[in-house]
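The values are calculated or read from the model by the stated rules, or taken from the named source; none is laboratory data. On a predicted model such as this, the values are computed, not experimentally measured, just so you know. When we count neighbours, we look across all protein chains shown, and the Cβ atoms used for this are built from the backbone with ideal geometry, even at glycine. Side chains included, ligands, DNA and RNA excluded: accessible areas come from the protein's heavy atoms. Shrake-Rupley method; radii C 1.70, N 1.55, O 1.52, S 1.80 Å.
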Amino acid sequence: MRIGIHTKINAGFEKAILRLVKLKCNACQMFSRSPRGGKARALGEGEVRLFRKLCEKHDINPVIIHIPYILNLATPDPKMHEYAVSMVKEDMARANLLGASYLVLHMGSHRGQGVEKGLDQVTRALNTALRNYDGETTLLLENTSGAGSEVGYTFEHLARVLKDLETQKAGVCFDTCHGFAAGYDLAGQQEVDATVNELDRIVGLSNLKLIHGNDSMFELGSHKDRHADIGKGYIGEEGFKAILNHQKLREKPFILEIPAESDEDWERNLKTVRRLAGLM
Ligand SMILES: [Zn+2]
């Protein structure tokens, strides 16, 4: 199984990788720039080479880049649309440079224009951003919790954008907390089976490339995006046991994005995941 965490890279790539090694992770996710936006620092040739070398040496694969949350692909505002397009372009190039398999993004919010128009905007923005892309990185659409006017919270939303993308290098990331908050039950074996079948029927499991494993601080259908420690939220240990042992999910990389403040927090959560997955 490929299990990893969303790690910070403030202290440089080398420290980030050594931390992953210490935590016995074999996959990882990171921002390639400040998550608050602003102009991205150019990646140096040396640090890129070192990063790729360390990932290879320590068998960290896949590497996933998460795009900053501030971008809104569904926006009706032309300026923000342009900003979102340029950020996707830039981050796809940065992800490719770093040897990342995937770039993950949230679609954003329609801000009152309605879901349909919001989804059209997302498709338009992504098709513009990826028009001349010839890198190796695959773009992944992540499901959202459906807070406020967010789009991308149903499997139908994901399928629709995916279908209209001109690139073949696109897929889906399923976040368990967001899915649960959006109303897809995951709290037990039957519930997980039903949700996975639904995902397969509408999006297709071959398009599912990544799982964000997060428990939910709020109840089913709350539309609140608040991640909890694995097993400590409303999805609970039964839910994660079913997710981690699901025959059709077993090969999908599993990245934790829990609100960890220290390595102890990560260690505790990784231990729970490995125990529930039957790896220890
Ligand atoms: Zn996520």
| query | Restricting attention to the stretch 204-211, does a residue exist that is under 14 Å from residue 105 (Cα atoms) and either out of contact with any helix residue (DSSP H, G or I) (no Cβ under 9 Å at 6 or more places or on another chain) or without any contact (Cβ under 8 Å) to a residue 40 or more places away in the chain (or both)? | reply | yes
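Can you give me the number of residues within the stretch 239-264 that are assigned to a helix (DSSP H, G or I) and in contact (Cβ under 8 Å) with a residue 12 or more places away in the chain?
So in the stretch 239-264, the residues assigned to a helix (DSSP H, G or I) come out as 239-244, 263-264.
Among the residues that remain, those that are also in contact (Cβ under 8 Å) with a residue 12 or more places away in the chain are: 239-244, 263.
The total comes to 7.
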| request: Give the residue, chosen from 238, 219, 257, 261, that is surrounded by fewer than 18 Cβ atoms within 10 Å (Cβ to Cβ) and at pLDDT below 95. | output: 261
| query | So residue 168 clears everything in (1) farther than 21 Å from residue 29 by Cβ; (2) modelled with pLDDT of 95 or more except one condition, right? Which one? | reply | (2)
| Whichever residue in the stretch 167-202 is within 16 Å of the ligand (Cβ to nearest atom) and among the small types (Gly, Ala, Ser) and, among such residues, is surrounded by the most Cβ atoms within 10 Å (Cβ to Cβ) | 181
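Would you call residue 91 farther than 30 Å from residue 48 by Cβ and in contact with a Lys or Arg (Cβ under 9 Å, 6 or more places away or on another chain)?
Values: farther than 30 Å from residue 48 by Cβ: no; in contact with a Lys or Arg (Cβ under 9 Å, 6 or more places away or on another chain): yes.
Here the answer is no, as residue 91 does not meet what is asked.
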| query | Could we say that residue 127 is open to solvent by 10 Å² or more (accessible area, probe 1.4 Å) and without any contact (Cβ under 8 Å) to a residue 24 or more places away in the chain here? | reply | no
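Go through the stretch 265-280 residue by residue and tally those that are open to solvent by 30 Å² or more (accessible area, probe 1.4 Å) and assigned to a helix (DSSP H, G or I).
At the first step, the residues of the stretch 265-280 found to be open to solvent by 30 Å² or more (accessible area, probe 1.4 Å) are 265, 267-268, 271, 274-275, 278-280.
From what is left, the residues that are assigned to a helix (DSSP H, G or I) are 265, 267-268, 271, 274-275.
The qualifying residues number 6.
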| In the stretch 73-97, the residues that are of a type in the set (A, V, I, L, M, F, W, C) and surrounded by fewer than 23 Cβ atoms within 10 Å (Cβ to Cβ) | 80, 85, 87, 88, 93, 97
| Among the residues of the stretch 146-199, which ones are assigned to a helix (DSSP H, G or I), of a type in the set (D, E, K, R) and farther than 19 Å from residue 119 by Cα? | 191, 193, 198
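Assess whether residue 140 counts as being within 16 Å of the ligand (Cβ to nearest atom), under 16 Å from the mean Cα position of the chain (by Cα) and either within 22 Å of residue 94 (Cβ to Cβ) or surrounded by 23 or more Cβ atoms within 10 Å (Cβ to Cβ) (or both).
Numbers: within 16 Å of the ligand (Cβ to nearest atom): yes; under 16 Å from the mean Cα position of the chain (by Cα): yes; either within 22 Å of residue 94 (Cβ to Cβ) or surrounded by 23 or more Cβ atoms within 10 Å (Cβ to Cβ) (or both): yes.
So residue 140 fits the description; yes.
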| message | Could you go through the stretch 188-202 and let me know if any residue there is in contact (Cβ under 8 Å) with a residue 60 or more places away in the chain and closer than 21 Å to residue 162 by Cβ. | response | no
